[in-house]
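Down below is the structure, laid out as structure tokens.
The values are calculated or read from the model by the stated rules, or taken from the named source; none is laboratory data. Being a predicted model, the structure only gives us computed values, none of them experimental. Neighbour counts are summed over all protein chains in view; Cβ atoms, including those assigned to glycine, are modelled from backbone coordinates with ideal geometry.
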Amino acid sequence: MILMIALGGIAGTLARYFLQGFVQPKGDLFPWGTLVVNISGSLALGLIMRLATGSDVITPQMRGGLAIGFCGAFTTMSTFSYETIALMADGEYWRASLYAGGTLVGCLLATALGIAVASRLL
């Protein structure tokens, strides 16, 4: 299990690095890369957990690797918190509110979508 989590963590870290770098426009103050990572990670976690708990498609070891390892390393709540506070410290209250609200609503909707998609697959 520990090996699966570690391998998932490596993959999640690299996926976050490349996706965030690809999405984030250079010089843009709004943290688009982190927003996309958190929403897509929430979608993935919803899908994984529904498949893992609703069938035997995903073994407990795979679930640990995917949920704890990959999604844990891929999503970025600590970065989200820091970036929200940094936007507020810069006086960018509207951007901070948009970012925090977009992250919260987007991640909740993406998780529900992941669960729904996995339910249809079962």
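Within region 1-30, the set of residues being of a type in the set (Gly, Ala, Ser) and assigned to a helix (DSSP H, G or I) comprises 6, 8, 9, 11, 12, 15, 21. Being crowded, with 19+ Cβ neighbours inside 10 Å, of a type in the set (A, V, I, L, M) and without any contact (Cβ under 8 Å) to a residue 24 or more places away in the chain is a description that does not apply to residue 44. Taking the listed residues 33, 72, 65, 101, the one that is exposed (fewer than 13 other Cβ atoms within 10 Å of the Cβ) and either modelled with pLDDT of 95 or more or assigned to a helix (DSSP H, G or I) (or both) is 101, with no other qualifying. Taken together, the residues in region 87-98 that are at negative phi and not in a helix (DSSP H, G or I) amount to 2. Just name the residue that is nearest to residue 39 (Cα to Cα) out of those in region 75-94 that are of a type in the set (A, V, I, L, M, F, W, C) and surrounded by fewer than 19 Cβ atoms within 10 Å (Cβ to Cβ). Only one residue tops the list, namely 77.
Within region 1-56, being out of contact with any helix residue (DSSP H, G or I) (no Cβ under 8 Å at 6 or more places or on another chain), of a type in the set (Gly, Ala, Ser) and under 24 Å from residue 117 (Cβ atoms) holds for one residue alone: 55. Just give me the residues in region 36-62 being outside any helix (DSSP H, G or I) and either touching an Asp or Glu at 6+ places or on another chain (Cβ under 8 Å) or not aliphatic (A, V, I, L, M) (or both), in sequence order. Listed by number, the residues that qualify are 55, 56, 59.
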